[in-house]
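Here's the structure we're looking at; comments come further down.
The values are calculated or read from the model by the stated rules, or taken from the named source; none is laboratory data. What you are looking at is a predicted structure, and each value in this text was computed from that prediction instead of being measured. Reconstructed Cβ throughout: ideal geometry from the backbone, glycine too, with neighbour counts over all protein chains shown.
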Amino acid sequence: MQVLAEMLDTKLDGGLLVGVFGRAFPGIPLEVALEALVWHRLAPDGNGMSDAEFDALLGKWIADDLANEE
């Protein structure tokens with residue numbers, strides 16, 4: 001995510017995350033994308049969903065979308 005923030009030259013926030021993932025991986029349901037907003041890298045205090053939990057939450061849809069592109 002740090003790479004994404006640097007590429008976009010902006011601070012990551014919840015709205016940006018939902019928008020980016022929605023465009024990049026259209027198979028991710030909105031409810032799941034919204035649930036991902038509790039990721040610790042987006043939380044102001046650094047507390048929240050771990051990287052492993054974030055990956056587990058979104059991994060299925062990202063893998064499905066990537067497989068459909070091939």
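Things worth noting here:
- All positions within the range 41-70 that are in a helix (DSSP H, G or I) and at pLDDT below 80: Glu69
- Filtered by the rule that a residue be surrounded by 15 or more Cβ atoms within 10 Å (Cβ to Cβ) and in a loop (DSSP other than H, G, I, E, B), the range 28-40 gives a lone residue, Ile28.
- Answer from Asp45, Asp64, Asp55 - the residue that is of a type in the set (D, E, K, R), more than 16 Å from Gly14 (Cβ to Cβ) and over 10 Å from the mean Cα position of the chain (by Cα): Asp64
- The single residue among Val38, Val18 that is at pLDDT 80 or above and touching a Leu at 6+ places or on another chain (Cβ under 7 Å) turns out to be Val18.
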